[in-house]
1. Given a 1.4 Å probe and heavy atoms of the protein chains only, how would you sort Phe39, Phe56, largest accessible area at the top?
2. Between the DSSP loop rule and a limit of at most 16 other Cβ atoms within 10 Å, which trypsin sites (Lys or Arg not before Pro) in the stretch 146-206 are left?
3. Accessible area of Glu170, 1.4 Å probe, to the nearest 10 Å²?
4. Explain nothing, just compute: Karplus ³J(HN,Hα) = 6.51 cos²θ - 1.76 cosθ + 1.60, θ = phi - 60°, for every residue of the stretch 165-172 in order, whole Hz, x for Gly and Pro.
5. Given R₀ = 30 Å, FRET efficiency for Leu57-Gln154 by Cβ-Cβ distance, to 0.05?
6. If I take R0 = 30 Å and measure r between the Cβ atoms of Asn200 and Val146 in this structure, what FRET efficiency does the formula 1/(1 + (r/R0)^6) give, to the nearest 0.05?
7. Grab the alpha carbons of the stretch 1-50, take their convex hull, and tell me the volume per residue in Å³.
8. I'd like the accessible area for Asp129, computed on protein heavy atoms only with a 1.4 Å probe and all protein chains in place. Round to 10 Å², please.
Amino acid sequence: MRLDLDYPFTGRWLVQNSPANRVPSHGTPLFGLSHAIDFVPVDDAGRSAPYTLTSFLRPEPAEIIPGFGRPLTAPVDGVVVGVHSTEPDHRSYRGLPSVGYAVTQRRRLAAGWWGLSGNHVLIETRGADGGTAVVVLCHLHQGSPVVRPGQPAQRGEAVGRCGNSGNSTEPHVHVHAVDGRDISRASAVPISFRGGLPRNGETVDGGQ
């Protein structure tokens, strides 16, 4: 089974950790992460926040990243089967702070799915072959999800906003799909976006 998605956003986003470059894309098959992909919001010129001496030396407010709080939308038609919205957004880690943050990765992994995902929305959908899959959107802004479990979801419908919760060095949205609602035991479902799969370093445009 392969699931074709719409981009869960409008505007320009930078691709990171794409399964077009390697599988498992996030270094582990745990929690169905083998084919996960990350999108970092950028401005019209394809840039994130300017990199300064402060960026190199100290954590920065997440709000300085262009697109922090940018709306996120459902990439499929389906039913919302999970929502979590209470995790705080932490500061952004670039330069030396990112090294220190990476050292604590094992602790977040040990905390399980909740320690990695932060605020998230899960949407169950049906693929072209008739099978079901759950699409996962992670790292949302605290309190931003506007959908509830059991609610129908339609492509392009608002679900929340880009944040920096969970295992995240800077504001971005993480997307992957799995074969069941129990993420701790799920296996990955390969995904594409509008018939293709962007590679690391590409900038994609979700439209207006």
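The values are calculated or read from the model by the stated rules, or taken from the named source; none is laboratory data. Only a predicted model underlies this, so the values are computations on that prediction, with no experimental measurement involved. Because the Cβ atoms are built from the backbone with ideal geometry, glycine has one as well, and the counts that use them run over all protein chains shown. Just the protein is used for accessible areas: all its heavy atoms, side chains included, with ligands, DNA and RNA removed. Shrake-Rupley method; radii C 1.70, N 1.55, O 1.52, S 1.80 Å.
1. From most accessible down to least: Phe56, Phe39.
2. Here the sparse-neighbourhood loop sites are Arg155, Arg181, Arg194, Arg199.
3. The value for Glu170 is about 30 Å².
4. Values, residue by residue: 9, x, 7, 8, 8, 7, x, 6 Hz.
5. It comes out at approximately 0.10.
6. 0.45
7. So the per-residue Cα hull volume is 109 Å³.
8. Ignoring ligands and nucleic acids, Asp129 comes out at about 110 Å².
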